[in-house]
Amino acid sequence: HGVRQLRNPWADGPEYVTQCPIQPGRSYTYRFTIQNQEGTLWWHAHSRWLRATVYGALIIYPKMGRPYPFLMPKKEIPILLGEWWDRNPMDVLRLALFTGAAPNVSDAFTINGQPGDLYRCSSKETAVFPVEAGETILLRIINSALNQELFYGVANHKLTVVAVDASYTKPFTTNVIMIAPGQTTDVLITADQQPARYYMAAHAYNSANAPFDNTTTTAILEYKSAPCSAKKGQPMKPIFPQLPGFNDTATATAFTSQLRSPYKAEVPMKIDESLLFTVGLGLINCTNPNSPRCQGPNGTRFAASINNVSFVFPRRNSLMQAYYQGQPGIFTTDFPPVPPIQFDYTGNVSRGLWQPVKATKLFKLRYRSKVQIVFQGTSIVTVENHPMHLHGYEFYVIGSGFGNFNPGTDPAKFNLIDPPRRNTIGTPPGGWVAIRFEADNPGIWLLHCHIDTHLPWGLAMAFLVENGVGELQTVQPPPLDLPQC
């Protein structure tokens with residue numbers, strides 16, 4: 001997740017997009033080159049809900065002799081935030097796809113695979129991170145949760161943000177971070193408090209009017225010199241951090257708006273493709289609302305879409321293989337660059353606009369074209385923060401706001417000097433976010449919401465970036481062991 005995969009969509013992973021899934025009992029080796037990237041990324045399964053448990057950190061260190069652009073930490077700790085169900089996550093998804101209703105929310109969140117002290121029967125295995133008083137530690141925080149943006153903090157300790165999504169940032173200090181599924185955030189923390197035990201904790205940032213997992217996961221930052229309590233040498237009870245309220249959009253927005261590139265960014269200035277993408281939920285009307293397959297709101301089935309197109313993943317072949325082999329009938333390249341119908345996106349939307357069209361549509365980009373996308377959230381069903389992830393690319397986040405994007409006045413407020421570079425960005429609930437990138441990586445690349453409930457509902461599309469001139473601007477041939485459908 002987040003590796004540029006230049007000219008090599010075959011190592012990108014999303015099922016039925018750049019490859020067919022690896023069949024049970026079979027294997028496939030991903031071979032790829034990392035170029036001009038350093039920092040915290042991660043890897044995960046990209047098939048149905050398998051990434052609920054199949055994920056890990058992918059850390060790229062600077063070249064030998066190249067220091068970090070900040071004080072060298074004494075140690076580094078990867079912090080993987082996850083989500084846990086008390087049943088097979090694939091069964092949870094299967095049930096939801098059968099009924100058309102929203103899937104059951106998770107039973108716990110985890111830090112490095114462990115739920116922590118606040119759940120039944122789990123405190124024996126709570127993750128404990130021993131630290132020496134005075135030392136500075138780099139925490140590489142990854143939100144691997146399936147469906148939930150999270151607030152994260154460490155009791156009594158300040159966090160200095162130094163990177164997001166494997167791109168360095170201007171350092172700034174905060175008590176809490178908001179991190180969406182798919183995102184990574186690197187923070188420095190100094191053990192400068194009284195030697196004791198301190199909880200690091202994470203709980204939901206819930207921006208939608210919908211049920212969510214309201215539990216809290218914990219791990220312990222333990223000073224090696226922390227005293228034991230008087231009774232039987234038991235360790236002291238940890239101190240708890242103050243986390244924002246579950247629906248504290250103001251804190252989430254304030255955090256995200258502080259992110260800046262450390263230097264003048266190479267933002268594309270002359271735009272070739274200016275795209276407006278509405279992102280949000282929808283409902284599919286049922287001919288028989290009382291059927292067991294129509295248990296969404298008022299006898300409907302949940303859906304989601306970009307520009308009213310609810311993305312349908314092919315099954316006979318992957319998009320990339322069909323394109324490379326010249327196989328017709330798998331996809332079309334007529335994805336709409338703007339919403340087919342203009343409406344008050346964040347206002348009271350007429351019910352006639354709630355039902356999207358199911359299709360497998362791609363948008364074609366010329367090699368090296370300069371692209372701007374404004375993601376416009378909608379209030380259909382509910383407003384929500386949708387973390388949008390673009391495969392094969394990093395992009396600059398040049399602006400965001402609440403309400404409907406105004407092409408007349410909002411671009412004047414864009415940050416074209418030092419915007420942060422990311423691979424996943426949330427659309428503010430009931431708002432918009434604008435990104436820019438250069439289409440310099442040929443192939444087919446998925447763009448999707450990283451809330452995994454929304455992916456099978458259709459909150460996705462893909463870009464077909466055409467080859468340029470010569471070998472270095474052309475997709476390389478597929479490996480011989482690429483999985484077959």
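In the set (1) open to solvent by 30 Å² or more (accessible area, probe 1.4 Å); (2) of a type in the set (S, T, N, Q); (3) not assigned by the TED database to the domain that holds TYR198, the condition left unmet by THR249 is number (3).
Note on the range 130-162: residues that are open to solvent by 10 Å² or more (accessible area, probe 1.4 Å), under 26 Å from the mean Cα position of the chain (by Cα) and either free of Cβ contacts under 8 Å to residues at least 12 places away in the same chain or under 17 Å from ALA201 (Cβ atoms) (or both) total 2. Of all the listed residues (PHE129, PHE172, PHE151), the sole one being of a type outside the set (S, T, N, Q), in a strand (DSSP E or B), more than 25 Å from LEU71 (Cα to Cα) and not assigned by the TED database to the domain that holds HIS389 is PHE151.
All of (1) surrounded by fewer than 17 Cβ atoms within 10 Å (Cβ to Cβ); (2) under 30 Å from ALA210 (Cβ atoms) hold for PRO428 with one exception: (1). Before we move on, is LEU353 assigned by the TED database to the domain that holds PRO428 and within 29 Å of PRO268 (Cα to Cα)? When the stated conditions are applied, LEU353 does not pass them.
Within the range 80-94, residues that are assigned by the TED database to the domain that holds THR184 sit with their Cβ atoms under 6 Å from residues that are β-branched (Val, Ile, Thr) and assigned to a helix (DSSP H, G or I), at 6+ positions apart or across chains, in these pairs: TRP85/VAL92. Of the numbered criteria (1) part of a loop (DSSP other than H, G, I, E, B); (2) modelled with pLDDT of 95 or more, the one PHE302 fails is (1).
Can you pull out every residue in the range 199-238 that is among the polar types (S, T, N, Q) and either surrounded by 21 or more Cβ atoms within 10 Å (Cβ to Cβ) or in contact with an Asp or Glu (Cβ under 9 Å, 6 or more places away or on another chain) (or both)? Within the range 199-238, ASN206, SER207, ASN209, THR215, THR216, THR217, THR218, SER225 qualify. When the range 341-368 is limited to residues that are in a strand (DSSP E or B) and open to solvent by less than 40 Å² (accessible area, probe 1.4 Å), the one that is farthest from SER318 (Cα to Cα) turns out to be LEU365.
Given the criterion outside the structural domain of ASP117 (by the TED database), touching a residue at least 12 places away in the same chain (Cβ under 8 Å) and not acidic (Asp, Glu), identify the matching residue among PRO241, PRO227, PRO289, PRO268. I'd like the intermediate steps shown before the answer.
Numbers: PRO241 fails: outside the structural domain of ASP117 (by the TED database); PRO227 fails: outside the structural domain of ASP117 (by the TED database); PRO289 fails: touching a residue at least 12 places away in the same chain (Cβ under 8 Å).
Testing whether each residue is outside the structural domain of ASP117 (by the TED database), touching a residue at least 12 places away in the same chain (Cβ under 8 Å) and not acidic (Asp, Glu) leaves just PRO268.
Scoring THR190 on the criteria (1) farther than 15 Å from TYR55 by Cβ; (2) touching an Asp or Glu at 6+ places or on another chain (Cβ under 9 Å); (3) open to solvent by less than 10 Å² (accessible area, probe 1.4 Å) leaves a single failure, condition (3). Residue-level check: of (1) farther than 23 Å from ARG120 by Cβ; (2) in a loop (DSSP other than H, G, I, E, B); (3) open to solvent by less than 40 Å² (accessible area, probe 1.4 Å), PRO241 misses just (1).
Report yes if HIS448 is assigned by the TED database to the domain that holds ALA359, within 18 Å of ASN206 (Cα to Cα) and either small (Gly, Ala, Ser) or open to solvent by less than 10 Å² (accessible area, probe 1.4 Å) (or both), otherwise no.
Numbers: assigned by the TED database to the domain that holds ALA359: yes; within 18 Å of ASN206 (Cα to Cα): no; either small (Gly, Ala, Ser) or open to solvent by less than 10 Å² (accessible area, probe 1.4 Å) (or both): yes.
Answer is no for this residue.
The values are calculated or read from the model by the stated rules, or taken from the named source; none is laboratory data. Note that this is a predicted model, so its numbers are computed, not measured. Neighbour counts run over all protein chains shown; Cβ positions are idealised from the backbone, glycine included. Just so you know, the surface numbers come from the protein's heavy atoms only, side chains and all, with ligands and any DNA or RNA stripped out. Shrake-Rupley method; radii C 1.70, N 1.55, O 1.52, S 1.80 Å.
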